[in-house]
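Below is one structure, written out as structure tokens; the observations come after it.
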Amino acid sequence: EILFARYFDFPGIFPWLVKYRLLRSLEMESGLVRLYDRLIVPIAQTVERLIPPPIGKSLILVGQKKHS
């Protein structure tokens, strides 16, 4: 049974699509990740607390096994 499901990191969809799907990159540059985490994540977290995104790069899901 799904108890909770929520998408997050809506802004992360676009860089991921460009870098890993369009450009087919296999590398993750730690400097760019740190920059994204420092500049974008705090804003996204604040906005996504107020307005849950309909889609996102990530999904958190909490489930419970039904007892039979």
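The values are calculated or read from the model by the stated rules, or taken from the named source; none is laboratory data. None of the values given here were measured: they were computed from a predicted structure. Cβ atoms come from the backbone with ideal geometry, glycine included; neighbour counts cover every protein chain shown. Calculation scope for accessible area: heavy atoms of the full protein, side chains included, ligands and nucleic acids excluded. Shrake-Rupley method; radii C 1.70, N 1.55, O 1.52, S 1.80 Å.
Could you run through the stretch 19-41 and say how many residues are open to solvent by 70 Å² or more (accessible area, probe 1.4 Å) and either assigned to a loop (DSSP other than H, G, I, E, B) or among the aliphatic types (A, V, I, L, M) (or both)?
10
State all residues of the stretch 42-68 that are in a loop (DSSP other than H, G, I, E, B), surrounded by 11 or more Cβ atoms within 10 Å (Cβ to Cβ) and touching a helix residue (DSSP H, G or I) at 6+ places or on another chain (Cβ under 7 Å); if no residue qualifies, say none.
Scanning the stretch 42-68 gives PRO53, GLY56, LYS57.
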